[in-house]
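Visitor: Below is one structure. I have some questions about it.
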Amino acid sequence: MKYLYFSLILALGFSASCEAQTVASVNLKNLEGITTNTADLVGNGNPTIVCFWATWCSPCKRELNNYMDYYADWQDETGAQIIAVSIDDSRSMSRVAPFVMSSGWEYEVLLDPGRDFARAMQVINVPHTFLVNGEGEVVWTHNNYAEGDEEELYEELLKLVE
């Protein structure tokens, strides 16, 4: 009986650990004030890159600026879209739109001032990037940023479309 009980626990634990992480369903506003559900932005058959960032985070801004250099090519080659999720709070949220406009980002930018989406995705610090496949499953995640990390992301993107 002990063996059966142990096997059952092991099997349940194994099956639970095999489940893929998906994008949490949280309502956030974009820069125009339109509410959108985060889960509706993924799983459309194409890869999605979800980047958590803040205006006070220098590595975050470098990462997203560098991604912008490759974004058009990534879209052409893989159909990927980038969603930049700002975790700026109510004190610094007014800086998000001017910064995005001056940077020329063509990404969808969402505001998560209460960090509800960040918490749901288990984001501890920024920058934190998730690569989501066309079925809405997180297939790669990366925390922090160093020059050249965009090459690793590009390789992961290519794996999704091969």
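Visitor: Of everything in the stretch 32-54, what is touching a residue at least 24 places away in the same chain (Cβ under 8 Å), surrounded by fewer than 18 Cβ atoms within 10 Å (Cβ to Cβ), in contact with a strand residue (DSSP E or B) (Cβ under 8 Å, 6 or more places away or on another chain) and not in a helix (DSSP H, G or I)? Give them in sequence order.
Guide: If the condition is that a residue be touching a residue at least 24 places away in the same chain (Cβ under 8 Å), surrounded by fewer than 18 Cβ atoms within 10 Å (Cβ to Cβ), in contact with a strand residue (DSSP E or B) (Cβ under 8 Å, 6 or more places away or on another chain) and not in a helix (DSSP H, G or I), then Thr36, Gly43, Asn46 are the ones that fit.
Visitor: Could I ask something else about it? Would you be able to say whether some residue in the stretch 81-88 is loosely packed, with under 15 Cβ neighbours inside 10 Å and at negative phi?
Guide: Checked the stretch 81-88: no residue is loosely packed, with under 15 Cβ neighbours inside 10 Å and at negative phi.
Visitor: Only residues that are of a type in the set (Asp, Glu), touching a Leu at 6+ places or on another chain (Cβ under 8 Å) and farther than 23 Å from Asn46 by Cα: list them for the stretch 74-113, please.
Guide: Listed by number, the residues that qualify are Asp88, Asp112.
Visitor: Go through the stretch 70-90 and report how many residues are of a type in the set (Gly, Ala, Ser) and over 15 Å from the mean Cα position of the chain (by Cα).
Guide: Selection size over the stretch 70-90: 3.
Visitor: Only one residue in Met101, Met121 is free of Cβ contacts under 8 Å to residues at least 40 places away in the same chain and either surrounded by fewer than 17 Cβ atoms within 10 Å (Cβ to Cβ) or not charged (D, E, K, R) (or both), so which one is that?
Guide: Met101
Visitor: Now a separate question. Out of Lys29, Lys61, report the one residue that is basic (Lys, Arg), touching a residue at least 24 places away in the same chain (Cβ under 8 Å) and surrounded by 16 or more Cβ atoms within 10 Å (Cβ to Cβ).
Guide: The unique qualifying residue is Lys61.
Visitor: Here are some conditions: (1) out of contact with any Asp or Glu (no Cβ under 8 Å at 6 or more places or on another chain); (2) not in a loop (DSSP other than H, G, I, E, B). Glu150 meets all but one. Which one does it not meet?
Guide: For Glu150, the exception is condition (1).
Visitor: Let me ask something else. Among the residues of the stretch 104-114 satisfying the criterion of being closer than 13 Å to Thr38 by Cβ and not aliphatic (A, V, I, L, M), which is surrounded by the most Cβ atoms within 10 Å (Cβ to Cβ)?
Guide: Asp112
Visitor: Out of the residues in the stretch 124-162 that are surrounded by fewer than 20 Cβ atoms within 10 Å (Cβ to Cβ) and β-branched (Val, Ile, Thr), state the one that is modelled with the lowest pLDDT.
Guide: This residue is Val161.
Visitor: In the stretch 63-92, how many residues are within 18 Å of Ala39 (Cβ to Cβ) and in a helix (DSSP H, G or I)?
Guide: Final tally of qualifying residues: 0.
Visitor: Next question. May I ask you to verify whether Leu131 is in a strand (DSSP E or B) and either within 16 Å of Ile82 (Cβ to Cβ) or free of Cβ contacts under 8 Å to residues at least 60 places away in the same chain (or both)?
Guide: Answer is yes for this residue.
Visitor: Only one of (1) out of contact with any helix residue (DSSP H, G or I) (no Cβ under 6 Å at 6 or more places or on another chain); (2) assigned to a helix (DSSP H, G or I); (3) closer than 18 Å to Ala39 by Cα is not met by Arg95, so which one is it?
Guide: (3)
Visitor: Restrict the check to the stretch 142-150 and report whether at least one residue is within 12 Å of the chain's Cα centre (by Cα) and farther than 15 Å from Leu28 by Cα.
Guide: Yes - at least one qualifying residue is present in the stretch 142-150.
The values are calculated or read from the model by the stated rules, or taken from the named source; none is laboratory data. The structure presented is a predicted model; accordingly, all values stated were derived computationally and were not measured. No Cβ is skipped: glycine too gets one built from the backbone with ideal geometry, and neighbour counts run over all protein chains shown.
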